[in-house]
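The values are calculated or read from the model by the stated rules, or taken from the named source; none is laboratory data. Remember, predicted model here, so these are calculated numbers, not experimental data. In this analysis, Cβ positions are derived from the backbone assuming ideal geometry, glycine residues included, and neighbour counts consider all displayed protein chains. Keep in mind that these areas ignore ligands, DNA and RNA; they rest on the heavy atoms of the full protein, side chains included. Shrake-Rupley method; radii C 1.70, N 1.55, O 1.52, S 1.80 Å.
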Amino acid sequence: MKAVVTVVGKDKKGIIAKVSTALYENDVNIEDISQTIMQDMFTMIMLVEFRSKDVSVQDITEILNKVGEELEVSIHVQREEIFTSMHRI
């Protein structure tokens, strides 16, 4: 299963490292990533693939919410098919 992970917040050291580490530790692979800094705002979008059937979107959402609170950034996880359907014109 694939999902889209978005991260938005004030830029600070360690955002990419902590988010990618949390994904790695839960057997979630980053397939594509785009990140930019607009003035002092950090934005990142990742396409990820869940390799283990033992980890759900809800599990990763809870884990990344804790990372987001620690970093003071907003992190959202959405299944790829839902993301694609919502953004179709």
*Go through (1) without any contact (Cβ under 8 Å) to a residue 12 or more places away in the chain; (2) among the hydroxyl-bearing types (S, T, Y); (3) assigned to a helix (DSSP H, G or I) and name the single condition T61 misses.*
(1)
*Any residue in the stretch 51-73 that is open to solvent by less than 60 Å² (accessible area, probe 1.4 Å), hydrophobic (A, V, I, L, M, F, W, C) and modelled with pLDDT under 95?*
yes
*Counting only residues that are hydroxyl-bearing (S, T, Y) and either assigned to a helix (DSSP H, G or I) or open to solvent by 80 Å² or more (accessible area, probe 1.4 Å) (or both), how many does the stretch 1-50 have?*
3
